[in-house]
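S.K.: Provided herewith is a single structure, encoded as structure tokens, for subsequent inquiry.
The values are calculated or read from the model by the stated rules, or taken from the named source; none is laboratory data. These figures come from a predicted structure and were not determined experimentally. Virtual Cβ from ideal backbone geometry, glycine too; neighbours counted across all protein chains shown.
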Amino acid sequence: MPAYKDKAKGTWYASFYYEDWTGKKVKKMKRGFPTKREALEWERTFLQQQTADLEMTFENFVAVYVADMKGRIKENTWGTKEHILYKKLVPYFGKRKMCDIHSKEVIAWQNEMLGYRDKNGKPYSPVYLKTLHNQLSAVFNHAVRHYNLKVNPAAQAGNMGKPKGREMLFWTKAEYLKFAEAMMDKPLSYYAFEMLYWCGVREGELLALTPGDFDFEKQTVTISKSYQRIKGKDVITDPKTPKSNRVIQMPAFLCEEMRDYIKSLYGVKPTDRIFTVTKSYLHREMDRGAKEAGVKRIRIHDLRHSHISLLIDMGFTALAIADRVGHESIDITYRYAHLFPTRQAEMADKLDMERKGA
């Protein structure tokens with residue numbers, strides 16, 4: 001592994017051959033290193049990453065993980081993962097060799113995360129702690145599955161935090177109607193919240209809607225994409241899950257409202273977004289409307305919960321609701337079990353009659 005001096009520029013460069021994934025020998029060269037040591041270090045790191053030699057540092061393996069995984073994950077989701085990788089994991093584990101990280105090092109890191117307090121003395125939430133640990137475990141799982149690491153030390157150490165997020169809040173129909181009345185002074189806001197409440201769509205799904213997604217003859221809206229604002233740019237992605245691709249039947253009144261709203265948009269094309277705002281706009285409008293209407297402030301996503309709770313109250317099955325909102329029916333059954341009317345007494349009565357008739 002020699003390094004070479006560029007006498008004209010006074011810098012060093014690395015030049016060598018390696019085998020690519022096809023087995024072909026490829027020449028690699030990189031110039032501009034201030035010292036011979038830095039040129040040799042770059043060559044060593046490059047070759048370790050090519051062969052995924054687990055003598056490499058955690059930081060260098062993260063580069064391998066990123067190269068393997070980034071193209072497989074939605075851009076907005078990747079942004080969160082990347083922040084955790086480089087802000088929470090690499091600063092702690094970065095210079096340690098992958099083969100030298102054991103469960104005791106993971107436990108020590110967990111204790112640091114559990115002991116963290118911000119300037120106001122607030123710790124990380126249990127959900128965030130679990131997210132941090134899950135990402136660390138994902139890196140080691142990748143090394144186990146694809147690069148012959150013997151065990152996942154994060155799995156050995158055990159998890160931290162809790163998976164349960166904040167309590168789901170709901171608006172009753174009466175509360176929503178009060179809120180909607182307060183929104184009528186801004187048509188864009190009013191129609192956006194109408195779609196959120198009466199169709200149960202997600203924020204990103206709402207903000208990606210175009211005139212071409214509506215079929216006013218069939219009274220349907222097609223959900224096939226999602227909007228995100230990433231690094232100052234508008235990005236349209238696939239919906240959250242494959243199940244999220246769906247066609248929603250709209251109530252007749254909402255169909256008429258949306259037809260009128262789209263007609264009011266001057267020069268709008270079939271592929272143009274009809275709600276040209278961001279999620280932060282909706283959050284500000286939620287603050288304003290809840291205050292004016294005198295109803296409790298809920299999150300935008302809680303409108304989706306409110307829609308589901310309304311459908312449960314109307315007597316629809318978990319399967320029918322799941323199809324409408326793009327969930328698995330088991331998720332609806334589990335997450336909203338406390339809202340479904342109990343049938344225990346009816347079951348007991350029928351079992352009693354069955355026994356007596358035997």
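S.K.: Of all residues in the stretch 234-252, how many are out of contact with any Asp or Glu (no Cβ under 9 Å at 6 or more places or on another chain) and surrounded by fewer than 17 Cβ atoms within 10 Å (Cβ to Cβ)?
M.R.: Result for the stretch 234-252: 7.
Results for (1) touching a helix residue (DSSP H, G or I) at 6+ places or on another chain (Cβ under 9 Å); (2) at pLDDT 90 or above, shown as yes or no for each residue.
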residue	(1), (2)
LYS263	no, yes
ILE332	yes, no
ARG335	yes, no
HIS338	no, no
GLY357	no, no
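S.K.: A further question follows. Which one of these is in contact with a Cys (Cβ under 8 Å, 6 or more places away or on another chain), over 22 Å from PRO251 (Cα atoms) and touching a residue at least 24 places away in the same chain (Cβ under 8 Å): LEU169, LEU132, LEU114, LEU149?
M.R.: Details: LEU169 fails: in contact with a Cys (Cβ under 8 Å, 6 or more places away or on another chain); LEU132 fails: in contact with a Cys (Cβ under 8 Å, 6 or more places away or on another chain); LEU114 fails: in contact with a Cys (Cβ under 8 Å, 6 or more places away or on another chain).
Result of the check over LEU169, LEU132, LEU114, LEU149: LEU149.
S.K.: OK, next. Assuming LYS162 fulfils every condition listed in (1) of a type outside the set (S, T, N, Q); (2) farther than 23 Å from VAL325 by Cα; (3) modelled with pLDDT of 95 or more apart from one, which condition is it?
M.R.: Unmet for LYS162, out of (1) of a type outside the set (S, T, N, Q); (2) farther than 23 Å from VAL325 by Cα; (3) modelled with pLDDT of 95 or more: (3).
S.K.: Identify all residues within the stretch 274-310 that are exposed (fewer than 15 other Cβ atoms within 10 Å of the Cβ) and among the acidic types (Asp, Glu); write none if there are none.
M.R.: Correct list: ASP287, GLU292.
S.K.: Now a separate question. Only one residue in LYS225, LYS218 is more than 27 Å from ARG297 (Cα to Cα), surrounded by fewer than 20 Cβ atoms within 10 Å (Cβ to Cβ), in contact with a strand residue (DSSP E or B) (Cβ under 7 Å, 6 or more places away or on another chain) and free of Cβ contacts under 8 Å to residues at least 40 places away in the same chain, so which one is that?
M.R.: None of the others qualify; the one that does is LYS225.
S.K.: Confirm whether HIS307 is assigned by TED's automatic domain parsing to the domain that holds LYS178 and either among the acidic types (Asp, Glu) or not in a helix (DSSP H, G or I) (or both).
M.R.: no
S.K.: When LEU351 is evaluated against the numbered criteria (1) surrounded by fewer than 14 Cβ atoms within 10 Å (Cβ to Cβ); (2) assigned to a loop (DSSP other than H, G, I, E, B), which criterion, by number, is the only one it fails?
M.R.: Failing condition for LEU351: (2).
S.K.: While we're here: If you check ALA182, ALA192, ALA155, which single one turns out to be in a helix (DSSP H, G or I) and either under 16 Å from HIS301 (Cα atoms) or without any contact (Cβ under 8 Å) to a residue 12 or more places away in the chain (or both)?
M.R.: ALA192
S.K.: Quick check on VAL127: is it under 25 Å from the mean Cα position of the chain (by Cα) and free of Cβ contacts under 8 Å to residues at least 12 places away in the same chain?
M.R.: Considered against the rule, which asks whether it is under 25 Å from the mean Cα position of the chain (by Cα) and free of Cβ contacts under 8 Å to residues at least 12 places away in the same chain, VAL127 comes out as no.
S.K.: Any residue at all in the stretch 183-200 that's out of contact with any Ser or Thr (no Cβ under 9 Å at 6 or more places or on another chain), aliphatic (A, V, I, L, M) and either surrounded by fewer than 20 Cβ atoms within 10 Å (Cβ to Cβ) or in the same structural domain as LEU89 (by TED's automatic domain parsing) (or both)?
M.R.: For the stretch 183-200, residues out of contact with any Ser or Thr (no Cβ under 9 Å at 6 or more places or on another chain), aliphatic (A, V, I, L, M) and either surrounded by fewer than 20 Cβ atoms within 10 Å (Cβ to Cβ) or in the same structural domain as LEU89 (by TED's automatic domain parsing) (or both): present.
S.K.: Look through the stretch 232-290, keep the residues that are outside any loop (DSSP other than H, G, I, E, B) and among the β-branched types (Val, Ile, Thr), and return whichever of them is farthest from VAL221 (Cα to Cα).
M.R.: Of all residues in the stretch 232-290, those outside any loop (DSSP other than H, G, I, E, B) come to 233-237, 242-244, 246-249, 252-263, 279-290.
Add one more test, that the residue is among the β-branched types (Val, Ile, Thr), and what stays is 235-237, 247-248, 262.
Values: VAL235: 21, ILE236: 17, THR237: 18, VAL247: 6, ILE248: 5, ILE262: 13 Å.
For the stretch 232-290, the residue satisfying everything is VAL235.
S.K.: For the stretch 66-89, how many residues are aliphatic (A, V, I, L, M) and either surrounded by fewer than 17 Cβ atoms within 10 Å (Cβ to Cβ) or touching a strand residue (DSSP E or B) at 6+ places or on another chain (Cβ under 9 Å) (or both)? Let's see the steps before the verdict.
M.R.: Residues of the stretch 66-89 that are aliphatic (A, V, I, L, M), as a first pass: 66-67, 69, 73, 84-85, 89.
Checking the rest, the ones that are also either surrounded by fewer than 17 Cβ atoms within 10 Å (Cβ to Cβ) or touching a strand residue (DSSP E or B) at 6+ places or on another chain (Cβ under 9 Å) (or both) come to 66-67, 69, 73.
Residues meeting the conditions: 4.
S.K.: Tell me which residues, restricted to the stretch 304-319, are closer than 20 Å to LYS240 by Cβ and hydrophobic (A, V, I, L, M, F, W, C).
M.R.: Within the stretch 304-319, ILE308, LEU311, ALA318, LEU319 qualify.
S.K.: Before we move on, is ARG145 under 25 Å from HIS327 (Cα atoms) and not hydrophobic (A, V, I, L, M, F, W, C)?
M.R.: Numbers: under 25 Å from HIS327 (Cα atoms): no; not hydrophobic (A, V, I, L, M, F, W, C): yes.
No.
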